Amino acid sequence: MKGKLRPVGSPVPSPRIHEHQELPWAAHYHTEFMGSGTEALSLAVAIAIRRHSQVSTPEVIIPAYGCPDLVSAICAQGAKPVLVDLLPNAPHMNDAGVREAITPSTVAVVGVGFLGIPERLEELSGICREHNLLLIEDSAQCFPPASASKSHADLVVLSFGRGKPINLMGGGALLIRSDLTGLAKEAVGHYPVAVLKVGTKWLVKRLVFNLLMMRLPYYVLERLPFLGIGETRFHRLETISRLDLPERVLQAGLRDFQLRPLIHQRYDIELAGLDARGWKCLTSDRSEISRNDLQQSVPLLRYPVLAPSTDLRDRALAVLNSAGIGASAFYERTLPQIDGVEAAVEDRDYPVASDFSSRLLTLPTHENVTSADVTLIGRILLSVTEL
Ligand SMILES: Cc1ncc(COP(=O)(O)O)c(C=O)c1O
């Protein structure tokens with residue numbers, strides 16, 4: 001065993017002084033840097049609540065399968081997360097389900113991008129317009145956000161945490177569409193500003209962080225149970241702050257992202273034969289959804305595939321991981337099945353999301369994935385299917 005290939009995440013880039021490129025969303029959105037993606041989403045919810053100040057218990061619509069931080073961000077504003085089931089074999093919310101979930105207390109719908117695959121924002125923005133709701137694009141897992149090219153979302157959330165498209169060891173941003181900056185001003189001003197200093201401590205942390213991503217250190221780290229690496233946990237959001245993020249840190253992140261190889265294209269070729277055996281590569285949807293946005297030429301955060309059954313998914317996970325490949329079942333369950341979340345949401349079944357979570361397998365797509373890794377992964381998935 002020569003260590004283990006981490007499931008996700010790119011190294012923290014080195015900030016250099018002389019770099020400047022326009023942010024891809026600058027024409028339509030004002031950027032407010034925040035302490036994290038969760039804090040940015042919570043601020044978005046606060047803005048939506050202000051817009052509907054007559055509503056006593058505001059409701060926010062989110063998918064039933066997703067990151068528990070969505071729930072933390074909404075609850076931190078005293079609002080109620082309302083869950084909607086998915087469309088079959090896809091990470092997208094069911095439109096009819098969204099319409100049914102809307103009540104007079106709804107203030108916003110969150111369209112959550114999944115591992116680089118954007119939500120169907122055009123459809124969601126149509127529904128939001130009809131009902132006078134704000135559309136929030138949660139683009140923590142997608143970069144650049146889909147709204148950068150077509151400003152469908154009123155507010156857009158970015159995350160710069162580890163395991164995200166741009167890893168700055170933390171931080172996030174809320175992009176506020178120009179027509180909403182007036183409404184947002186008071187909500188934004190409510191939160192204090194923390195300053196990120198790129199001093200010796202930050203630089204050493206970056207070095208250690210990047211070192212721990214390599215195969216051998218990662219193999220050791222994953223075995224330390226108290227670190228809980230890869231586990232999905234619900235954390236309450238206790239504090240929210242804005243962030244004074246040095247421009248060169250973000251610029252380094254942008255540059256690094258643009259130089260990243262398009263590993264998903266290698267998977268598209270290597271795993272082409274799996275479709276005939278009942279597997280589904282979710283990237284095929286991506287090309288349909290984003291045909292006009294050229295999203296195909298942007299790296300995916302992980303490569304998502306749906307196995308024909310939970311049993312096959314679990315067998316593939318076991319074989320891949322014992323071969324040193326950090327394959328993952330990702331969240332593994334729907335939001336109400338995650339400890340701590342059930343108290344905040346309606347406890348009912350979401351059969352499509354449940355099926356999706358029981359068959360999903362994600363494969364690494366970061367810059368340290370080699371052609372040999374992709375070939376090995378392809379061989380393992382084929383052999384597991386033939387057993
Ligand atoms: C879809 C989504 N939204 C929001 C967040 C929260 O981002 P952060 O970790 O920066 O708080 C995450 C984190 O994993 C996420 O996946």
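Structure values in brief
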item: Unit charges at the beta carbon, dipole of the chain: most positive-side option, Gly9, Val71, Ala173; result: Gly9
item: Residues Ile74, Ile47, Ile127, sorted so that the one with the fewest Cβ neighbours within 10 Å comes first; result: Ile127, Ile47, Ile74
item: Estimated distance in nm for a label pair at Glu231 and Thr370, the labels positioned 7 Å out from Cα along Cα-to-Cβ; result: 3.3
item: The chain, relative contact order in percent, only Cα pairs under 8 angstrom and at least six apart counted; result: 25
item: For the chain: rounded, prolate or oblate by the Cα gyration tensor [a/c cutoff 1.5]; result: oblate
item: Residues of region 5-46 with amide N under 15 Å of the 7 Å Cα→Cβ point at Lys150; result: none
item: Those lysines that a straight Cα-Cα span of less than 27 Å connects to Lys150, excepting residues fewer than 8 apart in one chain; result: Lys164, Lys185
item: Linear extension gain, Glu342 paired with Asp275, 0.36 nm per residue minus alpha-carbon span; result: 20.6 nm
item: Val319-Ser297 FRET efficiency (beta carbon distance; Förster radius 30 Å; 0.05 resolution); result: 0.40
item: Global geometry of region 3-89, whether rounded, prolate or oblate, following the gyration tensor of its Cα atoms and the 1.5 cut on a/c; result: oblate
item: Which of Tyr218, Tyr303 has the fewest Cβ neighbours within 10 Å, and the rest in rising order; result: Tyr218, Tyr303
item: Burial ranking of peptide ranges 351-360, 132-141 (average Cβ count within 10 Å, highest at the top); result: 132-141, 351-360
item: Euclidean distance between Cα centres, region 70-123 to region 140-191, Å; result: 17
item: Estimated dipole of the chain in Debye, rounded to 20 [Cβ of Lys and Arg +1, of Asp and Glu -1, Cα centre]; result: 1360
item: Cα gyration tensor, region 89-192 - rounded (a/c under 1.5), prolate or oblate; result: oblate
item: Cα-based Rg / Dmax (Å) for region 151-248; result: 17.1, 51
item: Listed peptides 85-91, 167-173 by packing density, highest first (mean Cβ within 10 Å); result: 167-173, 85-91
item: Beta bridges per DSSP with both ends in the chain, % antiparallel, nearest 5; result: 50
item: Computed helical MRE - 222 nm, the chain, DSSP H runs ≥ 4 contributing -39500 (n - 2.57), nearest 500; result: -10500 deg cm²/dmol
item: Value of relative contact order over region 212-356, rounded to a whole percent, pairs C-alpha under 8 Å and six or more apart; result: 21
item: All Cα pairs of region 260-386, percent lying beyond 19 Å; result: 52
item: Reachable aspartates and glutamates, given that their alpha-carbon falls under 15 Å from the alpha-carbon of Lys80 and they are not under 8 places away in the same chain; result: Glu59, Asp69, Glu342, Glu346, Asp347
item: Residues listed by number, region 240-264, amide nitrogen under 16 Å from Val195 label point at 7 Å toward C-beta; result: 242-249
item: Least to most buried among Phe114, Phe33 (fewest other Cβ within 10 Å first); result: Phe33, Phe114
item: Calculated FRET efficiency for the pair Arg50/Ile17, C-beta based, R₀ 45 Å, to 0.05; result: 0.70
item: GluC sites (Glu not before Pro) within region 1-89: DSSP coil, no more than 10 neighbouring Cβ in 10 Å; result: Glu22
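Read the figures in this text as sums done on the coordinates, not as results from a lab. All figures in this text were calculated on a predicted structure; none of them were measured in a lab. Virtual Cβ from ideal backbone geometry, glycine too; neighbours counted across all protein chains shown.
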